[in-house]
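Chemist: First the structure, which I've put down as structure tokens, then a few questions once you've had a look.
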Amino acid sequence: MDTLSSEQQIRVIFDTDIGTDVDDCLALALLLGSPEINIEGITTVYGDVGLRARMCRKLLDLHGDAATPVYEGVSKPLVGIDPIYWPGHEGVGLLGPDDDYRAGPTTHAVDYLIETVRANPGGMHLLAVGPLTNVAAAMTRDPSFAGNLKHLTIMGGLIQTSRYGWGVAEHNITCDPESARIVLTSGAAMSLAPLDVTLQTVIRESGVEQIRAKGSLYHAAVADQVARYPPFRERGGSTFLHDPLAAATMLKPELFTWEDFDVDVELAGRLTRGMTVAKMPRGEGTATIRVATGVDVPGAEAFCLERIAGVEATRR
């Protein structure tokens with residue numbers, strides 16, 4: 001693919017809760033493998049944000065990208081009602097004893113978001129694939145933040161709750177429902193990639209081997225993180241492409257079916273806290289969010305693998 005000038009690239013801030021679940025790692029790999037994208041900065045959110053920042057820094061360095069800054073963000077939900085969900089093997093197989101990276105930026109992620117978006121009104125695309133605490137904090141502190149974003153793409157939520165037997169609430173939303181409500185009702189230009197589409201797309205063992213076959217330390221690290229992810233083994237060698245699919249919507253929106261909705265978040269229900277409630281807009285032009293409700297599964301899986309592995313993938 002031809003090299004694009006900086007003026008032609010999409011300027012992206014990547015907000016992530018990278019950890020055990022490998023889809024954040026794959027989303028970062030997709031961004032790094034896409035010449036249309038200029039990653040201006042990475043912000044980490046929820047739980048051990050320092051460890052998450054070190055994971056991002058290690059992947060960037062293995063990729064040969066020493067310039068992209070990584071900022072640590074908010075570690076706890078906005079209101080603090082819900083306990084922090086922290087499973088797994090965060091950083092195992094990726095970080096070594098020398099990968100401390102404590103000399104990184106000291107600016108807080110929320111300050112970075114506010115300052116960068118304010119300095120570039122209408123210029124920044126924010127891709128948020130974790131709990132929405134950093135984004136909500138930026139919107140709360142700076143009322144102009146939502147309007148100054150060029151676009152906000154979110155992986156989160158579940159629209160058709162009866163379709164997949166997944167319950168009624170998706171992880172990123174239920175980790176901090178109050179923040180999710182602030183963001184989803186903010187009026188920002190916004191796209192949502194919910195479980196309705198992400199649960200239809202997977203990466204398989206054959207795809208992991210295509211990544212590993214590139215032969216670099218970077219590709220080996222990405223492949224190893226997928227292989228180490230416990231559900232990958234439990235599902236017989238496959239895992240969902242949640243976060244990379246959200247990244248793909250920025251680059252290949254034609255692979256998706258889109259519908260406009262008003263979306264809110266349930267905060268009080270004993271069984272439904274964190275549920276995303278989608279309603280048809282009240283009139284033409286009043287919808288708040290563009291929602292991906294369908295996906296070209298073979299096309300999306302092939303595109304994600306092509307960008308992550310840097311190879312021409314074959315549609316299954």
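Chemist: Would you mention how many residues in the range 183-204 are more than 29 Å from A223 (Cα to Cα) and surrounded by 24 or more Cβ atoms within 10 Å (Cβ to Cβ)?
Modeler: Going through the range 183-204 one residue at a time, the tally reaches 2.
Chemist: Return only the number of the condition from (1) over 16 Å from D262 (Cα atoms); (2) buried (at least 24 other Cβ atoms within 10 Å of the Cβ) that A180 does not satisfy.
Modeler: Answer for A180: the failing condition is (1).
Chemist: Just name the residue that is nearest to the chain's Cα centre (by Cα) out of those in the range 236-260 that are under 15 Å from G294 (Cα atoms) and of a type in the set (S, T, Y).
Modeler: T249
Chemist: If A227 passes every condition in (1) surrounded by fewer than 19 Cβ atoms within 10 Å (Cβ to Cβ); (2) in contact with a strand residue (DSSP E or B) (Cβ under 9 Å, 6 or more places away or on another chain); (3) free of Cβ contacts under 8 Å to residues at least 60 places away in the same chain but one, which one does it miss?
Modeler: Unmet for A227, out of (1) surrounded by fewer than 19 Cβ atoms within 10 Å (Cβ to Cβ); (2) in contact with a strand residue (DSSP E or B) (Cβ under 9 Å, 6 or more places away or on another chain); (3) free of Cβ contacts under 8 Å to residues at least 60 places away in the same chain: (2).
Chemist: If you don't mind, another one. Residue check: is P281 modelled with pLDDT under 90 and either buried (at least 19 other Cβ atoms within 10 Å of the Cβ) or outside any helix (DSSP H, G or I) (or both)?
Modeler: yes
Chemist: Based on what the data block shows, is G19 surrounded by fewer than 22 Cβ atoms within 10 Å (Cβ to Cβ) and modelled with pLDDT under 95?
Modeler: no
Chemist: Now for a separate question. Which residues, taken from the range 103-123, are assigned to a helix (DSSP H, G or I), free of Cβ contacts under 8 Å to residues at least 12 places away in the same chain and of a type in the set (A, V, I, L, M)?
Modeler: The one that is assigned to a helix (DSSP H, G or I), free of Cβ contacts under 8 Å to residues at least 12 places away in the same chain and of a type in the set (A, V, I, L, M): A119.
Chemist: Name the single residue that is modelled with the lowest pLDDT among those in the range 146-168 being in contact with a Pro (Cβ under 8 Å, 6 or more places away or on another chain) and under 13 Å from A278 (Cβ atoms).
Modeler: Step by step, filter the range 146-168, then rank; the result is I159.
Chemist: Out of all the residues in the range 234-258, which are within 19 Å of I18 (Cα to Cα) and not β-branched (V, I, T)?
Modeler: Within the range 234-258, S238, F240, L241, H242, D243, P244, L245, A246, A247, A248 meet the criteria.
Chemist: Something else now. What are the residues in the range 230-252 that are out of contact with any strand residue (DSSP E or B) (no Cβ under 7 Å at 6 or more places or on another chain), surrounded by fewer than 21 Cβ atoms within 10 Å (Cβ to Cβ) and in contact (Cβ under 8 Å) with a residue 60 or more places away in the chain, if any?
Modeler: Across the range 230-252, the qualifying residues are P230, L251.
Chemist: Out of T106, T133, T116, which single residue is more than 17 Å from the chain's Cα centre (by Cα), among the hydroxyl-bearing types (S, T, Y) and modelled with pLDDT of 90 or more?
Modeler: T116
Chemist: Pull up the range 55-83, narrow it to residues that are within 15 Å of P177 (Cα to Cα), out of contact with any Phe, Trp or Tyr (no Cβ under 7 Å at 6 or more places or on another chain) and of a type outside the set (K, R), then point me to the one that is surrounded by the most Cβ atoms within 10 Å (Cβ to Cβ).
Modeler: It comes out as V74.
Chemist: In the range 171-209, which residues are without any contact (Cβ under 8 Å) to a residue 40 or more places away in the chain and either over 28 Å from Q225 (Cα atoms) or of a type in the set (S, T, Y) (or both)?
Modeler: Passing the criteria: only S206.
Chemist: Scan (1) of a type outside the set (A, V, I, L, M); (2) crowded, with 19+ Cβ neighbours inside 10 Å; (3) within 23 Å of L31 (Cα to Cα) for the single condition C175 breaks and write down its number.
Modeler: Condition (3) is where C175 drops out.
The values are calculated or read from the model by the stated rules, or taken from the named source; none is laboratory data. Predicted model, so just to flag it, every value in this text is computed and none were measured. All Cβ positions, even for glycine, are placed from backbone atoms using ideal geometry, and neighbour counts span all protein chains on display.
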